[in-house]
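Student: Just passing along the structure, written as structure tokens.
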Ligand SMILES: NC(=O)c1ccc[n+]([C@@H]2O[C@H](COP(=O)([O-])OP(=O)(O)OC[C@H]3O[C@@H](n4cnc5c(N)ncnc54)[C@H](OP(=O)(O)O)[C@@H]3O)[C@@H](O)[C@H]2O)c1
């Protein structure tokens, strides 16, 4: 099995490199080796490597900035995905791709399933949905994992940002009416590895390919998320800001975000037999393994 990994230096890409290190030959490409805004280069990489699995962990993920750069977001999140899907449809390889809770408008009362109607409220969400649709339209063999609130030890994400600014302030205000599941890049990578193995070993059939929700169990608000990890910092004796819950309306941002980001992951659990632990487990594990200078 030869695996081409695109977006190898992102949060999920980095975690995939670790998880897949024992899974056959992985050719990991960052933007420098395979730029999704350069169709010629991308096509050349696909033609040269001839992978049996393409994992696309690359994406335009700057949600607010996408409102000002819709063409770039579309080029990376939809047009490049279309090119990859068309290529994979021709070769018979498998495409693994990631999408987002932001394809929903968040008005549902309860977790979203894969069959719920989408209605993105942002350029980012719309371009990610267009990427999903391009994959579906291509007819290629694909696994598409919608996930939410991704974090990792190294990434530019909510945990690392809040922990840094919580050292510099006495009070912080954090939104408490957007609800979702913080999901670690490691969990996403481990489940991806398992799913690829199941497809490769034919433990699942082509009937089981398609769209899956992949998030940690449980849910919280951004405020609850921050309270949890800053609480760990306080327990470790660090002086960090007190945080105050505020509604989304008190924190204006360029992009609209869904209030309800909860995704129902029952399908992936039952088809691939994966365990999706409570969101707190991976947060605690990540903080516990960080070196002291990274801890704060
Ligand atoms: N982050 C979240 O909270 C979240 C939530 C839901 C879904 N997702 C989805 O999960 C997937 C992985 O996200 P992530 O958190 O790992 O994102 P990330 O850390 O922002 O990584 C994205 C990667 O894509 C690369 N990239 C951007 N433009 C590129 C281009 N033109 N050509 C090649 N590579 C390019 C970036 O390269 P550079 O390092 O060079 O910039 C970066 O390494 C994405 O599909 C994302 O939409 C993420």
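Student: Count, please, the residues in the stretch 19-50 that happen to be touching a helix residue (DSSP H, G or I) at 6+ places or on another chain (Cβ under 8 Å) and closer than 18 Å to residue 196 by Cα.
Tutor: Looking only at that region, the number is 7.
Student: Got at least one residue in the stretch 77-98 being over 20 Å from residue 5 (Cα atoms), more than 9 Å from the ligand (Cβ to nearest atom) and in a helix (DSSP H, G or I)?
Tutor: No, the stretch 77-98 has no match at all.
Student: Here's something else I'd like to know. Which pairs turn up if I take residues in the stretch 38-52 that are assigned to a helix (DSSP H, G or I) and look for partners that are away from the ligand (no atom under 15 Å from the Cβ) with beta carbon separation below 6 Å, at least 6 apart in sequence or on another chain?
Tutor: Taking only residues 6 or more apart or on different chains, the pairs are 46/87.
Student: When you check residue 80 against the structure, is it farther than 28 Å from residue 269 by Cβ, in contact with a helix residue (DSSP H, G or I) (Cβ under 8 Å, 6 or more places away or on another chain) and buried (at least 23 other Cβ atoms within 10 Å of the Cβ), yes or no? Break it down into steps so the answer makes sense when it comes.
Tutor: On the way: farther than 28 Å from residue 269 by Cβ: yes; in contact with a helix residue (DSSP H, G or I) (Cβ under 8 Å, 6 or more places away or on another chain): yes; buried (at least 23 other Cβ atoms within 10 Å of the Cβ): yes.
Spelling it out, residue 80 is indeed farther than 28 Å from residue 269 by Cβ, in contact with a helix residue (DSSP H, G or I) (Cβ under 8 Å, 6 or more places away or on another chain) and buried (at least 23 other Cβ atoms within 10 Å of the Cβ).
Student: May I ask you to say which residue of 103, 88 is touching a helix residue (DSSP H, G or I) at 6+ places or on another chain (Cβ under 9 Å), surrounded by 23 or more Cβ atoms within 10 Å (Cβ to Cβ), over 25 Å from residue 276 (Cβ atoms) and free of Cβ contacts under 8 Å to residues at least 60 places away in the same chain?
Tutor: Going through 103, 88 in turn, the sole match is 88.
Student: When you go through 268, 246 one by one, which is the residue that is at pLDDT 95 or above and surrounded by 17 or more Cβ atoms within 10 Å (Cβ to Cβ)?
Tutor: It is 268.
Student: Next question, about the same structure. Filter the stretch 218-251 down to the residues that are out of contact with any strand residue (DSSP E or B) (no Cβ under 9 Å at 6 or more places or on another chain), without any contact (Cβ under 8 Å) to a residue 60 or more places away in the chain and part of a helix (DSSP H, G or I), then identify the one that is farthest from residue 165 (Cα to Cα).
Tutor: 249
Student: Conditions: (1) more than 23 Å from residue 269 (Cα to Cα); (2) within 11 Å of the ligand (Cβ to nearest atom); (3) in contact with a strand residue (DSSP E or B) (Cβ under 8 Å, 6 or more places away or on another chain). Residue 52 meets all but one. Number of the miss?
Tutor: Among (1) more than 23 Å from residue 269 (Cα to Cα); (2) within 11 Å of the ligand (Cβ to nearest atom); (3) in contact with a strand residue (DSSP E or B) (Cβ under 8 Å, 6 or more places away or on another chain), the lone unmet condition for residue 52 is (2).
Student: Of all residues being within 13 Å of the ligand (Cβ to nearest atom) and without any contact (Cβ under 8 Å) to a residue 24 or more places away in the chain in the stretch 1-32, which is surrounded by the fewest Cβ atoms within 10 Å (Cβ to Cβ)? Just the residue, please.
Tutor: Among residues in the stretch 1-32 that are within 13 Å of the ligand (Cβ to nearest atom) and without any contact (Cβ under 8 Å) to a residue 24 or more places away in the chain, the one surrounded by the fewest Cβ atoms within 10 Å (Cβ to Cβ) is 32.
Student: Taking the stretch 123-150 only, how many residues are assigned to a strand (DSSP E or B), away from the ligand (no atom under 12 Å from the Cβ) and surrounded by fewer than 23 Cβ atoms within 10 Å (Cβ to Cβ)?
Tutor: Going through the stretch 123-150 one residue at a time, the tally reaches 1.
Student: With (1) surrounded by fewer than 17 Cβ atoms within 10 Å (Cβ to Cβ); (2) at negative phi; (3) at pLDDT 95 or above as the list, and residue 161 as the residue in question, which single condition is left unmet?
Tutor: So the condition that residue 161 fails would be (3).
The values are calculated or read from the model by the stated rules, or taken from the named source; none is laboratory data. Note that the structure is predicted; figures quoted are calculated from it, not measured. Don't worry about glycine lacking a Cβ; one is built from the backbone with ideal geometry, like all the others, and counts go over all protein chains shown.
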